[in-house]
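Trainee: Submitted below is the structure of interest, expressed as structure tokens.
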Amino acid sequence: MPNIEQTVEHLFRHEWGKLVSVLTKVFGVHNLQMAEDVVQDTLLHALSNWKINGLPDNPTAWLFTAARNKAIDTLRKQKRSEQYAKQLTPLLQSGYSLVPAMNELVTTKSIDDDRLQMMFVCCHPSLSTEAQVTLILKTLCGFSVSEIAKAYVSSYDAVEKRLYRARQTFKENNIAFELPPPNQLEERLDSVLLAIYLLFNEGYNSTNHEELIRRDVMQEALRLCELICRSPAVPHENAHALMALMCFTASRNDARMDAQGNILLLKQQDRKKWNRALIENGIYHLEQSAAGEQMSKYHIEAGIAYEHAIARDYAHTNWNHILNCYNLLYNYYPSPVIALNRAIIIAELKGAAEAIKAIEAITDIDSVKKYYLLPATLGELHWQLKDYDKAKQYFKEASELTQSVIEKKLLEQKMKQAAP
């Protein structure tokens with residue numbers, strides 16, 4: 001029999017956002033916590049029930065039915081003390097119409113529209129950008145508070161407080177469950193896409209999981225972005241660019257680990273294992289992203305990923321074009337992390353010594369001192385220069401900064417290589 005815990009974890013990630021969206025439509029945005037509590041109870045009930053009775057034939061349908069029943073119980077207990085979604089309150093407070101209304105509302109029939117509306121509700125302008133992205137990750141993507149804290153390099157308590165304040169803002173501003181007017185869509189889309197980008201990155205290089213690659217998390221990010229790309233109500237160009245970036249990046253998944261579970265860096269990967277269908281899909285979305293006049297960071301990063309995807313091998317990568325992309329990216333979106341990635345490309349073109357100079361010249365380098373990739377990169381560059389003592393020191397520092405067991409394993413291997 002399939003492992004129940006693993007199945008529930010997968011369904012939690014896959015169905016959480018759908019269930020929260022449809023219940024928020026019912027309860028109203030000001031009762032978001034109530035919707036999340038009902039979904040949480042539903043998942044716990046599923047885990048308990050399925051351990052005893054085994055998996056149902058259709059777990060998703062079972063969850064929707066269980067969530068609907070729990071929501072009906074909640075509404076009955078609350079009686080007339082709560083105001084729910086404004087247009088639905090009379091139906092939900094009537095004993096005659098409650099069950100038929102809930103049977104109609106809590107289904108998968110309009111789930112795409114519900115999730116799309118929920119994405120933009122989470123990115124209401126009354127919230128800070130950090131709060132918007134945090135809500136997307138928690139409410140639609142099923143991220144735990146711990147995972148969000150790691151993605152933000154923040155504390156658990158800080159994220160909890162941010163979520164609490166966001167929910168309070170919904171109550172105070174009486175936010176409706178609907179898409180914003182056309183003149184506000186584009187502004188809110190930026191935050192929605194950033195949340196999807198962070199979600200994908202967590203799946204691609206997991207910070208709080210035994211596995212480096214979390215395919216279910218990556219797939220959820222792709223699904224959310226595809227939902228935006230399909231919607232006629234939302235501007236598409238930046239979403240298509242992000243979709244292209246994610247497709248190109250995800251195409252390498254099967255080549256990123258060896259049979260023993262060790263990380264294989266880009267130079268070591270067997271490109272025959274790269275997913276050609278995802279690369280073709282990425283090219284399609286990259287072409288679609290060029291339809292407008294905008295150029296976002298996703299366009300530039302997708303251009304970088306495209307160069308890797310089309311190179312027949314590592315030696316034939318167009319490093320000059322990639323460096324030009326990084327120059328453009330840094331010009332429009334300057335950050336120490338982009339500058340560090342740019343230095344890695346400089347090493348390919350001009351050697352390790354020039355790359356180290358580029359890193360030493362990075363403005364605000366102190367702000368990424370606790371980012372493991374900084375000492376990991378310096379370790380690699382000093383190893384190339386045969387300065388093995390410094391290389392080993394940097395690899396050790398990087399190992400202490402990362403939470404990933406698999407990354408630690410790679411860095412330990414590099415420390416052994418740097419040993420005299």
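Trainee: What is the local net charge at Leu127, summed over the other residues whose Cβ is closer than 11 Å to its Cβ (Lys, Arg +1; Asp, Glu -1)?
Mentor: +3
Trainee: Would you kindly calculate the mean projected area, averaged across all directions, of the convex hull enclosing the Cα atoms of the chain, in square nanometres?
Mentor: One quarter of the hull surface, i.e. the mean projection, equals 22.5 nm².
Trainee: A further question follows. Relative contact order of segment 288-402: what whole-number percent is it, with Cα pairs under 8 angstrom and at least 6 residues apart?
Mentor: Rounded, it is 17 percent for segment 288-402.
Trainee: Another one. Once the Cα atoms of helix 32-53 and of the chain are each reduced to a long axis, what angle between those two axes, in degrees from 0 to 90 to the nearest 10, is obtained?
Mentor: 90 degrees
Trainee: A follow-up question, please. Quick check on packing: order 287-299, 220-232 by the mean number of other C-beta atoms within 10 Å, highest mean leading.
Mentor: Descending packing order for the listed peptides: 220-232, 287-299.
Trainee: Which value in deg cm²/dmol, rounded to the nearest 500, describes the helix-derived mean residue ellipticity at 222 nm for the chain, given -39,500 (n - 2.57) per DSSP H run of n ≥ 4 and division by the residue count?
Mentor: Helix-only estimate at 222 nm: -21500 deg cm²/dmol.
Trainee: When the Cα atoms of segment 179-305 are enclosed in a convex hull and the volume is divided per residue, what value in Å³ results?
Mentor: 109 Å³
Trainee: A further question on this structure: Using alpha-carbon pairs under 8 Å, 6+ residues apart, how would you state the relative contact order of the chain in percent?
Mentor: Computed value for the chain: 11 percent relative contact order.
Trainee: Right, next: On C-alpha positions alone, give me the angle between the axis of helix 111-122 and the longest principal axis of the chain, in degrees, nearest 10.
Mentor: Result, in degrees: 70.
Trainee: Another question about this same structure. Could you rank the peptides 134-142, 274-282, 252-260 by their average count of other C-beta atoms within 10 Å per residue, with the highest value first?
Mentor: Ranked by mean Cβ neighbours within 10 Å, highest first: 134-142, 274-282, 252-260.
Trainee: May I ask for the distance between the Cα centers of segment 46-71 and segment 400-420, given as a whole number of Å?
Mentor: 43 Å
Trainee: How big is segment 229-362 in terms of Cα radius of gyration and Dmax, in angstroms?
Mentor: 15.9, 50
Trainee: Exactly which trypsin sites (Lys or Arg not before Pro) in segment 335-420 are in a DSSP loop and have at most 16 other Cβ atoms within 10 Å?
Mentor: Lys369, Lys370, Lys386
Trainee: Measuring from centroid to centroid over Cα atoms, what is the spacing of segment 215-245 and segment 124-202 in Å?
Mentor: First find each Cα centre; the distance between them is then 17 Å.
Trainee: Moving to a separate point now. Taking the Cβ of Thr402 as the center, what net charge do the other residues with Cβ under 13 Å away carry, scoring Lys and Arg +1 and Asp and Glu -1?
Mentor: +2
Trainee: What is the set of long-range amide H partners of Met257 at a cut-off below 5 Å, with H atoms built 1.01 Å from backbone N?
Mentor: Leu264
Trainee: Treating the angle as unsigned and between 0 and 90°, give the value, to the nearest 10°, between the Cα long axis of helix 373-384 and the longest Cα principal axis of the chain.
Mentor: The angle comes out at about 20 degrees.
Trainee: Note down the magnitude of the dipole of the chain about its Cα centre, charges +1 on Lys and Arg C-beta and -1 on Asp and Glu C-beta and zero elsewhere, to the nearest 20 debye.
Mentor: The calculation lands at about 520 debye.
Trainee: Here's another thing I want to ask about it. Find out how many positive minus negative residues lie around Ala239, taking Lys and Arg as positive, Asp and Glu as negative, among other residues whose Cβ is under 12 Å from that of Ala239.
Mentor: Within the 12 Å Cβ shell, the charges total -3.
Trainee: Distance between Cα centroids, segment 361-398 to segment 278-354: provide it in whole Å.
Mentor: 22 Å
Taken together, the values in this text are just the output of simple stated rules run on the coordinates, not laboratory data. Small disclaimer: the values here were computed from a predicted structure and weren't measured. For neighbour counting, all protein chains shown are included, and Cβ atoms are generated from backbone atoms with ideal geometry for every residue, glycine included.
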